[in-house]
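Below: one structure, written as structure tokens.
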Amino acid sequence: MNNIKKTFDNEFIKKTVYLESVDSTNTYAKKHSFNENTLIISEMQTNGRGRTGKTWVSKPGCGIYMSIVLFPSVKVTEIMKLTIVCGTAVCEALNEVCNIGAKIKWPNDIVADGKKICGILTECICSGECVEKAICGIGINVNTKEFPEEIQNVASSLYRLTGNEFDRSIIIGEIIETFARHYTDLISGDKSGKIIRDYKNLCVNIGRKVITTGNPQISGTAVDIAPDGELIIKTADGKEVAVNSGEVSVRGEGYI
Ligand code: BTN
């Protein structure tokens, strides 16, 4: 089992907090007061959390469980942009290190070979309309050999895809680098078109049939990503509807 107990401090990450075990790196980041751009990594989580109240399986040694604490000075309504940036950065980093042709299932599941290998949970603490603190939580199935039966058909790992074990610290280092680049673009405010274009090029849903969760369900073809990260779905009657990740998930045929 390779070790991730090292510091990732650089120009962007001001401090790395390494934990042997924690309930959830996101919960830990929310509860404690950290400076901007702190990275929290844990070897395992006892209560790893996913989107929509799901559990994130977080066994020791075989995965990456990390959260980045950010003070992004964006409005609450713009928080999806952070999700977009994080998904793009992680997907690019995984392709760079592992060459797996990963894509993004909107809003930010990283998928390869039709299965999910990484999930991202973006949470924020707000003051009025402004985001005071945002937490990007990233969970990656790296050297996982087997999955619980109930998620076997939808989950995979870098090991299962390639037959190789990966050094988790190399992947974390690459994510930090790509994330810093895209996040700086987001904060500088003048490259929002590029961020959306990069994301759209990786988004596996575009041009495919999708159906949303929630009530009412919207079904149609995913045709575009809106400037603030919403998925645009063209319904059978030709209308274009924008859906927000805070409200819905999408499914196509099978998991994607
Ligand atoms: C999802 O796809 O549902 C999101 C999964 C996010 C999991 C990561 S692991 C690190 C961080 N801490 C958590 O409790 N969740 C996120």
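Checked against the criterion of being near the ligand (Cβ under 10 Å from one of its atoms) and in contact with a helix residue (DSSP H, G or I) (Cβ under 9 Å, 6 or more places away or on another chain), region 5-16 has no qualifying residue.
Could you tell me how many of the residues in region 22-38 are surrounded by 15 or more Cβ atoms within 10 Å (Cβ to Cβ) and in a loop (DSSP other than H, G, I, E, B)?
4
Can Leu19 be described as in contact (Cβ under 8 Å) with a residue 60 or more places away in the chain and either under 17 Å from the mean Cα position of the chain (by Cα) or surrounded by fewer than 18 Cβ atoms within 10 Å (Cβ to Cβ) (or both)? Answer is no for this residue. Pick from region 53-76 the residues that are at pLDDT below 90 and within 14 Å of Lys133 (Cα to Cα): which of them is surrounded by the fewest Cβ atoms within 10 Å (Cβ to Cβ)? Among those residues, the one meeting the criterion is Ser73.
None of Ile41, Ile84 is within 12 Å of the ligand (Cβ to nearest atom) and outside any loop (DSSP other than H, G, I, E, B) except Ile41.
Okay, residues lined up against (1) over 21 Å from Thr88 (Cα atoms); (2) more than 16 Å from the chain's Cα centre (by Cα); (3) surrounded by fewer than 22 Cβ atoms within 10 Å (Cβ to Cβ); (4) modelled with pLDDT of 95 or more:
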position	(1), (2), (3), (4)
Gly139	no, no, no, yes
Val142	no, no, no, yes
Arg168	no, yes, no, yes
Asp185	no, yes, yes, no
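With respect to Lys31, determine if the residue is within 15 Å of the ligand (Cβ to nearest atom), closer than 25 Å to Glu149 by Cα and basic (Lys, Arg). Criteria not met by Lys31. Within region 96-137, if we keep just the residues that are under 23 Å from Val74 (Cα atoms) and not in a strand (DSSP E or B), the residue that is nearest to the ligand (Cβ to nearest atom) turns out to be Asn108.
The values are calculated or read from the model by the stated rules, or taken from the named source; none is laboratory data. The structure presented is a predicted model; accordingly, all values stated were derived computationally and were not measured. A quick note on method: Cβ atoms are made from the backbone with ideal geometry, for glycine too, and the neighbour counts reach across all protein chains shown.
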